[in-house]
Amino acid sequence: MRKIAFGLCVCFLIFTAYSSQIFPVYADDHEKYKHKLEEGAGDWDEDDYDHEDEEEHKDRYHSEEYDWKNIMQEERTSVKREYWYKWSRSADLPDEYVATPISSRQTVPIYLESKAPLYTTAIPMQGQIFVPLEDTAEYLGASVIIYPNSQIGEIQLGDRHLIVKNGTRVVYENMRKTPMPLPVFSEKEKLYIPISVLANGLGFQVTWTEQQQIRIY
């Protein structure tokens, strides 16, 4: 009987020691990661992002699938007039550009129903109004990834997916190569895109209001 009791005690001590080593680790890890996230340590590190995340996508975005230089489509569309608020998706340059409601760079409120306006820099250029890609897309509810080394922007809103590259007129709209009226450009480390391309590509319409603001609906 004593041997049985002794054996039970040994088993209990072994189990207690094992439990004390295992379970606090999980508890400590939980608190550790919670603490890091609260401090912002869970955010992407710029160096890790450039070298790991972008390297992972480099082959994808620089393969033949993404022909950034060729803006021709299998099915070409042609327009005579280009509007700043409507993305024509034409590969040809139009005969006429409709005048933009602003004639010089300025801060313009962009208004989406049920949200406070986004005050952002709007730049008129050759019949288009350019806006900061990342800020505007996020205001519209989209997720945005900017690959800084390759200057590529990836935008996702529901089933709408856009991929653009600095200096090109190409946008991959749901993986379909489609031309833009003017190329994306970079200024002060921000990519700028025609608002018609961004808004229409994400399923929105664009208009100018009497209150001197861009309304997106």
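Phi angles of region 140-157 translate, via the Karplus equation with coefficients 6.51, -1.76, 1.60 and θ = phi - 60°, into HN-Hα couplings of 7, x, 8, 8, 10, 10, 10, 9, x, 5, 9, 6, 10, x, 10, 10, 9, 9 Hz per residue; Gly and Pro are given as x.
Sequence-distant or interchain residues sharing an amide H contact under 5 Å with Gln126, placed H: which? Amide H neighbours of Gln126, under 5 Å, 5+ apart: none.
Per-residue Cβ neighbour counts within 10 Å put Thr107, Thr168, Thr120 in the sequence Thr107, Thr120, Thr168, beginning with the fewest. Rounded to the nearest 20, the Cβ-based charge dipole of region 81-216 about its Cα centre (Lys and Arg +1, Asp and Glu -1) stands at 120 debye. Put in line by how crowded their Cβ is, counting other Cβ atoms within 10 Å and starting with the fewest, Val98, Val144, Val171 read Val98, Val144, Val171. Between the amide H of Phe185 and those of Gly167, Tyr192, distances stay under 5 Å, these residues lying 5 or more places away or on another chain, with hydrogens modeled in the peptide plane.
With the simple model of a label 7 Å out from the Cα in the direction of the Cβ, Ile102 to Phe185 spans 1.5 nm. Near His161, the amide H atoms lying under 5 Å from its own belong to Asn174; only residues 5 or more places off or on other chains count, and H is placed 1.01 Å from N.
Each of Ile145, Ile152 has some number of other Cβ atoms within 10 Å of its Cβ, and from fewest to most they run Ile145, Ile152.
Per the Kirkwood treatment, what hydrodynamic radius in Å, one decimal, follows for region 81-216 from the mean inverse distance over all distinct Cα pairs?
Result for region 81-216, one decimal place: 14.8 Å.
The numbers here are math on the coordinates, done by the rules we state, and not lab data. Treat the numbers as computed from the prediction; the structure is a model and nothing was measured. Glycine gets a Cβ as well: all are built from the backbone with ideal geometry, and neighbour counts include every protein chain shown.
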